[in-house]
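Remarks on the structure that follows.
The values are calculated or read from the model by the stated rules, or taken from the named source; none is laboratory data. Just so we're clear, the structure is a prediction, and the values are computed from it rather than from any experiment. No Cβ is skipped: glycine too gets one built from the backbone with ideal geometry, and neighbour counts run over all protein chains shown.
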Amino acid sequence: MSRGMKILLDLGAIKTGGGAQLAVNFLEYLEQHAARDHDFALLIPEIGPLAALERRRGYLRVLVSPRSYRERLRLENGELQRFIADAGIDAIFTFFGAGLPHPPPVRSVVSMAYPVICYPESPYWVNAGIKERLQVRALNWMRVRRLRQASSIIAETEIMKARVSRVLRFPVERIRVIPPAVSAHVRHLERADGEPARRFAFVSGIETHKNLWRLYEIARYAVARGFRDFTFHLTVTRDAYLQRVVGRLPDMRIIDRHFSFIGPVAPREIMQVYASADCVVSLSDLESFSNNYMEAWKVGLPLIVSDRDFARAICGTSALYVDPHHTPAVVDGLLRVHSDPLLRRAMVAEGKRRLDQLPTLQQRISLVLAELGAA
């Protein structure tokens with residue numbers, strides 16, 4: 001790999017969630033260990049945890065991607081292009097997103113994390129309202145156009161590599177599989193595993209495909225079956241959740257007794273969620289490589305996840321699989337994890353084994369930098 005490159009790090013599409021968590025870790029490591037070898041510029045979002053990076057020093061420049069789509073296009077096709085030319089940028093790395101317009105001599109490497117593009121058969125498309133479906137399909141059309149302009153695409157799993165190649169009609173030899181590295185903001189916790197699992201953590205946003213809106217019906221059914229020894233810990237606000245409960249006026253006694261609303265959590269504070277949990281649950285219909293999986297492995301928590309191809313390929317026997325849209329199956333899964341310490345112990349052990357197979361942050365950054373410097 002050539003040394004002394006000028007690299008634009010594109011973080012402009014990352015507003016919240018696991019992407020922000022991983023981006024913060026990436027930058028912290030880069031600034032400590034790799035920044036002296038290359039010159040970096042940043043493109044950051046106007047809102048979210050990464051917006052604070054505008055005050056960072058030591059970069060060629062920190063540009064802010066506006067919230068307004070029209071203003072963002074104006075920046076990307078105007079000021080940003082002038083900066084790329086004037087600064088002599090050699091390569092662009094889009095951490096998560098669709099990539100940026102760029103002149104032909106500039107290499108563009110895009111980390112692809114849009115499963116919503118690659119899963120046309122997902123139940124998500126049934127559960128999203130008409131307005132949301134139309135908006136997402138329009139966004140996907142534009143994302144696909146951008147992604148096809150990339151020099152190379154990074155996928156996190158072989159499943160995503162195959163789907164990206166097929167849906168984008170993108171040459172498979174230009175798609176590189178580089179798994180993520182687990183956040184440095186989580187750590188292993190020793191805990192007694194003989195007590196029943198009562199506290200189930202849902203570490204995600206409120207987006208339709210995350211299926212948090214299903215939890216009220218799941219809790220109501222669990223209580224009707226006589227299972228009352230549980231709490232759902234959600235990283236969304238109470239008001240945001242109640243606005244998404246679909247189809248009925250909720251029984252607030254169930255909400256008050258069985259739901260704990262932590263609210264959005266900053267990347268550096270994520271351990272407060274895991275430290276108060278007995279199990280991590282992800283009922284998402286769409287994921288690339290969820291932070292939930294690898295963070296549960298590192299902390300030492302069992303997993304309940306959606307029965308989807310991406311989850312099975314990533315988690316193996318470190319998770320129990322349920323159909324998020326089949327309420328009795330989800331409650332059966334909760335009950336199994338609640339009452340079976342041997343099952344929990346086996347899942348945690350397998351999670352540790354799978355964690356050891358992931359690259360370290362240093363290894364992942366080295367692979368990304370090598371891809372940016374590839375001929």
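To keep it simple, each residue is scored yes or no on (1) out of contact with any Leu (no Cβ under 6 Å at 6 or more places or on another chain); (2) on the phi < 0 side of the Ramachandran plot; (3) free of Cβ contacts under 8 Å to residues at least 24 places away in the same chain.
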{"residue": "97", "(1), (2), (3)": "yes, no, no"}
{"residue": "102", "(1), (2), (3)": "yes, yes, no"}
{"residue": "108", "(1), (2), (3)": "yes, yes, no"}
{"residue": "111", "(1), (2), (3)": "yes, yes, no"}
{"residue": "114", "(1), (2), (3)": "yes, yes, no"}
{"residue": "118", "(1), (2), (3)": "yes, yes, no"}
{"residue": "125", "(1), (2), (3)": "yes, yes, yes"}
{"residue": "131", "(1), (2), (3)": "yes, yes, yes"}
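Every residue, every condition in (1) closer than 21 Å to residue 168 by Cβ; (2) buried (at least 18 other Cβ atoms within 10 Å of the Cβ); (3) in contact with a helix residue (DSSP H, G or I) (Cβ under 9 Å, 6 or more places away or on another chain); (4) not acidic (Asp, Glu), yes or no:
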position: 89; (1), (2), (3), (4): no, yes, yes, yes
position: 92; (1), (2), (3), (4): yes, yes, yes, yes
position: 104; (1), (2), (3), (4): yes, no, no, yes
position: 131; (1), (2), (3), (4): no, no, no, yes
**Request:** Within region 175-205, count every residue that is basic (Lys, Arg) and over 19 Å from the mean Cα position of the chain (by Cα).
**Result:** 3
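So which helices (runs of 4 or more DSSP H) are wholly in region 275-375 and hold at least 2 residues that are of a type in the set (D, E, K, R) and not assigned by TED's automatic domain parsing to the domain that holds residue 26?
291-299, 309-315, 327-339, 341-357
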**Request:** Looking at (1) surrounded by fewer than 20 Cβ atoms within 10 Å (Cβ to Cβ); (2) assigned to a loop (DSSP other than H, G, I, E, B), find the lone condition where residue 113 falls short.
**Result:** (1)
**Message:** Tell me yes or no: at least one residue of region 166-180 is hydrophobic (A, V, I, L, M, F, W, C), free of Cβ contacts under 8 Å to residues at least 12 places away in the same chain and in contact with a Ser or Thr (Cβ under 7 Å, 6 or more places away or on another chain).
**Reply:** yes
**Asked** Somewhere in region 193-214, is a residue touching a residue at least 24 places away in the same chain (Cβ under 8 Å), β-branched (Val, Ile, Thr), surrounded by 14 or more Cβ atoms within 10 Å (Cβ to Cβ) and touching a Leu at 6+ places or on another chain (Cβ under 8 Å)?
**Response** yes
